[in-house]
Every structure is written in C-alpha cells, then in structure tokens.
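Notes follow once the structure below has been shown.
The values are calculated or read from the model by the stated rules, or taken from the named source; none is laboratory data. In this text the structure is predicted, and so the values were computed from the model without any measurement. Positions of Cβ are backbone-derived with ideal geometry, glycine not excepted, and every protein chain shown enters the neighbour counts.
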Amino acid sequence: MIKLSHRYEQISCRLTVEGFPDVSTGQGSQAIGILTGWSLALAGHTELEGKREHLEALLRVVAPYARHLISGAPRVFGDPDSPVAMHPDGPRHRLELRSSQPHTPPLTLHLDDAELADLVRCLDQLVLDARLQLNLQTPRPQPLRRSELRKRVPLGRRIAAPICGMAALGLAGAVSWMVPTPKPGSFSPAQAKGPSSLVDPGKTAAPRKSTAPGKTASPGKSGAPGQIGATGLAAPNRAGEAPTPGAQTQSNQGAGTRTGPSQAPR
Amino acid sequence: MPNVSTALSRPTPLPRRGLERLDLMLLCAEALDLNGGEAMVWMSEQLGYQSLFPNRVELWKRRCHNPLRRATRRGQLQVEDTDALIRILTAMAERLYPMLRQLLSAAEPESVSEQRWALFRGRLQELIEERLNLRRVGVRKLLDPLEGPQLCHQLILSLALSAGSGGVERLKASLLDPEP
C-alpha cells in the first residue's frame, strides 16, 4: 500500500500529514484514515514532528487561543502536563512543546501575529479537508463568558463606577446626618394657632362635597355630623402644615362632641 | 445571558456590539481594497446570496443596522442576513489575506510597516468620517490618536484569524460575545 501525504501551506508555515487509508471502513484510496506521522515547519524555527495525540493537542490549544484572540481576550491554553501550551507574550505568542522524554526541556517558539495566523489557517485547512478522515477531536468555537471578557476592560475603568457609587452614597449619608432633626416640643404659638382658625365647618365642607358627591351629604346639609368630623381633621393638611398638638386636639374634640366616625352617613 | 454552550447550535441574532464589529470589519476590508464595495457585491453573487442581496442597496441597508452609522436603521437583523454578511466578510478576508499578513508581520522593516499602517488608518478614517456618527464614543475611540491604532490592529488581527471557511464559526462565535 502506498503511503499518502497531504500538505497545507501558508507563507511561513507548512504542515504535512502522512498515513494510509483505512480500508476496513471502506475509505477511498486518496483518504487518510490512519495517521502515521505529521510535521510542522515554521519559517525560522525548528521543524516539529509528532504522532496523532500531539496533533490533537496542537489543535486543542491553537484553535481556542485564536478564538480568544479574535475577541481581544488572550489567555494561556494548555495544562502543565499537556504536550502543547500557548501563552500570550506581549505582542508575540509563545508556543511551548513539551517532550514526553524525561529531562528534556520544552521547546519554545515565539510567533508574531502573522505567523500565528498562518498556523491557524494551516490547521483550518487540515480540519476542513475531506480527504482526511481521522475524526480529530477539535473544540467548536463558542461565545466567551462575561467573566472572560471582563479582563480586557482596564481595571481602573472597571472599578470606577462602583467607587463613584459608594462615594456618592457616603456623601449623601454624611449630608443627611449633618441636617438637625426637629425636636417635638419646639413649635411656636403662631404655628399652633394657624390650623385652629381653619376648623370652620362652613368653609372646609366645600372641597369634600366636590370630590366625592355621592358619598357625602347633600349641599344643603353641610352641617351633617360625619362631614364636620372629616373636615375638622382634614383642615390642617389643607393649610400645608403639620397638625400641631393643640389644633389636632381641638379638631378631634369637635369631632368627638358633635359626631363620631361611626355615625357617618351610610 | 444566552446559554453559551448552545449559542451556536441554534440561530441566535447578533447583539448590538456584534453588529457594530461586523460592520467595522467590513469597513476595514473596504479600506484595504479600494474597490471594496464592488468586491463585496461580487462576492455576494459568488457565494449565492443574490436572493438576500439582489443589489448593493440591499447590502447597504443590512449594514445600516450598525448603531454607529450616521443613518442607522432600527430593528434586529435576521440571522440569515448576518450569516451571509459573515461569510462575505471571511471570503473577502481570505482574498485580502496577503495584505493583512503584511500589516501584522514583525519581520517587515519597521518604516515600511509604519507607512502601510498609516495608509490603512488614513483610508479607514475617511470611511469612518463619511459613514459613521462621529458623536458616538465608539467612533471617537477609533479616531483617537492614542486608542485608534490599537483598535485598528485588533480589527486587522481579527480579520486575519477569521479568513477563509475555517474562520466563519470562529468569527460568528466572537460576534456573539456578551457585553463585558
């Protein structure tokens, strides 16, 4: 059986895969179903070679890294025990390849944006090639989470709003604390007299009649018991002042002596 | 927030920020290609979107859903329309890939690279001033001499990484990102 080789090329990157068709599953003569090896040549760097698991590890790291980079939120991909890892490194990208041999230092490649784009395009071509029937496990691109995107907003801008809010709250609290609370016994006699002059059944009955004519007594019965009690209580509020103890007592007395709420017209 | 794991499996309309980025990237493609408007219509025909965009006015009307536009259109863009625009953009990015690569390459001489960036930013600025609402903060950031170059670099890098058929899903996922 002839060994097949497919090549995917970009300006600074060349990816070659070799293998055989898996005849047992009925694959065509040009398809690669059994991967025997692959090599990646990056311009100006050492040529890399590996097996299927290394290719899958490369795909698992480079594709999500590119996905995050499009959203402007680059981060490290690849576990410490993974054969491949990718780190953002200033304006460049650091690709780390760890050997399975013990006591072998990892190989580090520094790629610029153009070289990374070339590598991503090569891997895209490989994944989309219908002649490769390897069932490579590649992660599907997904929208990022809000927490992942938060990092791209500078820290100062992120904390500015909560700090301003807390400062405004503190300032409002301090101002309200400085305003003196009015004492209960500090009313002047003029204030106390004012509302009492309003307790005039003849004058205060008019608004109640106009607002709820169905429930109140007829205009001719302005001195009806329930109405007098109600107007007597409402008078201080109409004047726009707080009911003073004296005025309230007087109006309550009026209500109590003439009629009570229980005697209101039904 | 939409469920992240199923966001691409069911048709999800692009959020406001995604529409802004999509139109800005199309604008970048126009800045790179002097005949970009015509190329976009031609690409739409090549990809079989004549029923969606029978003429350039229809294409322009869909792009006007970008809230940063001077003459913006209200309402949400249909998923078929955004998918078609994404495919047109990735096809154009593939065609313009050599230029994108030149801009991004660190191997190029610095003076040449700076001239290329200055030319690109100048064209993009003209297009922005012609079509976008200059009172919007997002637009002012693009024209800012300090923040603008960084944003332009991010747009070009996004275009390069989403070039070709392999970039369609990647770009779409990126446009569906929630608000940070």
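Tabulated data for the structure shown
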{"item": "Whichever residue in region A:78-120 is in a loop (DSSP other than H, G, I, E, B) and small (G, A, S) and, among such residues, is modelled with the lowest pLDDT", "result": "A:S100"}
{"item": "Candidate set from region B:90-112 (those that are among the hydroxyl-bearing types (S, T, Y) and within 20 Å of the chain's Cα centre (by Cα)); member that is nearest to the other protein chains (Cβ to nearest Cβ)", "result": "B:Y97"}
{"item": "Residue in region A:121-141 that is at pLDDT below 90 and within 9 Å of chain B (Cβ to nearest Cβ) present", "result": "yes"}
{"item": "Which listed residue is more than 10 Å from every other protein chain (Cβ to nearest Cβ), over 17 Å from A:G72 (Cβ atoms), part of a loop (DSSP other than H, G, I, E, B) and among the basic types (K, R), from B:R62, B:R87, B:R73, B:R123", "result": "B:R73"}
{"item": "Qualifying positions in region A:142-162 - assigned to a loop (DSSP other than H, G, I, E, B) and either at pLDDT 90 or above or within 9 Å of another protein chain (Cβ to nearest Cβ) (or both)", "result": "A:Q142, A:P143, A:L144, A:R145, A:K151, A:R152, A:V153"}
{"item": "Boolean, B:L100 is assigned to a helix (DSSP H, G or I), in contact (Cβ under 8 Å) with a residue 40 or more places away in the chain and in contact with a strand residue (DSSP E or B) (Cβ under 9 Å, 6 or more places away or on another chain)", "result": "no"}
{"item": "Region B:138-152, residues that are among the hydrophobic types (A, V, I, L, M, F, W, C), in a helix (DSSP H, G or I) and away from chain A (no Cβ under 12 Å)", "result": "B:V139, B:L142, B:L143, B:C152"}
{"item": "Residue within region A:103-110 that is within 13 Å of chain B (Cβ to nearest Cβ), in contact with a Ser or Thr (Cβ under 8 Å, 6 or more places away or on another chain) and not hydrophobic (A, V, I, L, M, F, W, C) present", "result": "no"}
{"item": "Those residues of region B:153-180 which are under 30 Å from A:Y8 (Cβ atoms), surrounded by fewer than 23 Cβ atoms within 10 Å (Cβ to Cβ), in contact (Cβ under 8 Å) with a residue 60 or more places away in the chain and more than 7 Å from every other protein chain (Cβ to nearest Cβ), in sequence order", "result": "B:L155, B:V168"}
{"item": "Conditions (1) outside any helix (DSSP H, G or I); (2) within 12 Å of chain B (Cβ to nearest Cβ); (3) within 27 Å of the chain's Cα centre (by Cα); (4) not aromatic (F, W, Y); number of the one not met by A:R75", "result": "(2)"}
{"item": "Residue selected from region B:153-180 under the condition assigned to a helix (DSSP H, G or I) and hydroxyl-bearing (S, T, Y), by the criterion nearest to B:T82 (Cα to Cα)", "result": "B:S174"}
